[in-house]
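The values are calculated or read from the model by the stated rules, or taken from the named source; none is laboratory data. Worth saying up front: this structure is predicted, and the values here are computed from it rather than measured. Here Cβ is always computed from backbone atoms with ideal geometry, including for glycine, and neighbour counts include all displayed protein chains. Surface accessibility is based on the protein's heavy atoms, side chains included, excluding ligands, DNA and RNA. Shrake-Rupley method; radii C 1.70, N 1.55, O 1.52, S 1.80 Å.
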Amino acid sequence: MAIYHLSVKPVSRKKGRTATASSAYRAGEKIEDKRTGEIHDYTKKQGVEYTQIFTPNGVDIPSRQELWNMAEMAEKRKDACVAREYEVNLPYELSKSQRIELAQDFSKQLSEKHGIAVDLCMHEPDTKNGGDDRNYHAHILTTTRKITNEGLTEKADIEKAGRKRKQDLKNVRQLWADTANRHLEKAGLEERIDHRSLKEQGSQLKPTIKMGKTATQMERQGKPTIKGDINRAITADNSNIKSLQMEIYIDKGKLSAKEKIEEMKNEREQQIKRELEERRAKSKEVKPDQDGNRPLSFLEKRELWKREQAERNNPEPVKQPEPEPEPSRPSTSRGMSR
């Protein structure tokens with residue numbers, strides 16, 4: 001999965017750092033510091049994948065040596081912050097050209113938003129020294145002053161005193177996440193990164209501690225360190241947490257599936273019951289035939305059969321019809337002799 005990483009740190013004279021040396025090392029170039037006379041030669045450095053300088057629209061792009069010598073000359077204080085460095089992890093899921101487009105997009109946004117010059121240096125994973133082969137990353141140096149065609153001028157708003165540094169850091173972290181996610185989506189990838197901390201995300205996973213340069217080098221040489229042991233323990237704990245979360249997720253899925261199956265069974269039983277009731281209701285319905293006579297039910301037929309059997313066993317006497325009376329005739333009377 002794509003990993004989120006963005007760190008910000010100052011390039012400060014107070015810590016013995018210079019913008020010229022920092023830029024030369026990250027770009028793998030040779031730069032002469034005009035202020036100190038030192039020559040920083042890192043042309044033999046390996047793993048530099050891509051470099052480019054950005055300025056706001058309409059501002060000519062100086063060479064790398066010109067830019068960072070201007071940054072050094074612009075600051076007079078011995079403890080001045082002469083540059084600021086953003087280090088970001090580039091999603092290894094992207095191709096080289098896609099990683100370059102992402103880094104260019106982010107660098108250009110920083111330049112336009114704050115009116116500053118931005119020096120982008122992309123590095124490949126240091127696999128020769130035991131580094132992670134997915135560790136594509138970029139070092140982005142920015143000037144602390146605004147740049148015009150006349151050179152570096154006033155301090156950029158983001159560098160002025162009284163700023164809420166935590167909010168500025170939060171804003172730039174979100175800008176990187178949004179930019180990276182937009183390019184991941186453009187590439188047709190499902191991976192996304194989140195600028196929020198694990199705590200802010202509501203995650204139960206534990207964050208690892210920062211190794212530092214010395215511990216990292218020792219680990220790459222096969223020499224275990226206390227910090228490395230701590231991170232390995234945290235990684236193991238996180239792996240167990242993920243396994244438990246997956247088991248809970250699967251169990252919840254099984255439980256919901258069981259509930260769904262039980263619900264389907266109940267629905268099916270109810271459907272069958274309704275169908276049986278409908279069939280019974282239809283069987284009780286008595287429909288007249290074509291002549292309009294209602295067919296007899298089973299019980300009615302049984303009663304009729306019983307009556308017929310009773311009549312056969314106990315026949316009633318046949319009544320003779322009474323003779324019809326004859327019609328009356330007129331009486332004949334004979335006359336008496338005289």
At a Förster distance of 51 Å, what's the computed FRET efficiency of Lys164 paired with Glu191, Cβ-Cβ distance as r, to 0.05? 0.95
What per residue convex hull volume, in Å³, comes out for region 111-190 when only alpha-carbon positions are used? 149
Show me the ranking of peptides 70-82, 171-183 by mean Cβ neighbours inside 10 Å, starting with the highest. 171-183, 70-82
Based on the Cβ-Cβ distance from Asp237 to Asp178, what FRET efficiency comes out when R0 is 35 Å, to the nearest 0.05? 0.70
Added length on full extension, which subtracts the Cα-Cα distance from 0.36 nm per residue, Asn314 to Val59: 78.9 nm
Rank-order 109-121, 92-104 by packing density, defined as the average count of other C-beta atoms within 10 Å over each peptide's residues, highest first. 109-121, 92-104
Leaving ligands, DNA and RNA out of it, report the carbon-plus-sulfur percent of the accessible area of region 117-174 at a 1.4 Å probe. 42
How far apart, in nanometres, would the label points at Ala281 and Glu303 be if each is projected 7 angstrom from Cα along the Cα-to-Cβ direction? 2.6
Rounded to the nearest 20 debye, what is the charge dipole size of region 4-86 about its Cα centre when +1 sits on each Lys and Arg Cβ and -1 on each Asp and Glu Cβ? 440
Report ³J(HN,Hα) in whole Hz for each residue of region 150-156, in order, from the Karplus equation J = 6.51 cos²θ - 1.76 cosθ + 1.60 where θ = phi - 60°; Gly and Pro get x. 8, x, 7, 10, 6, 4, 5
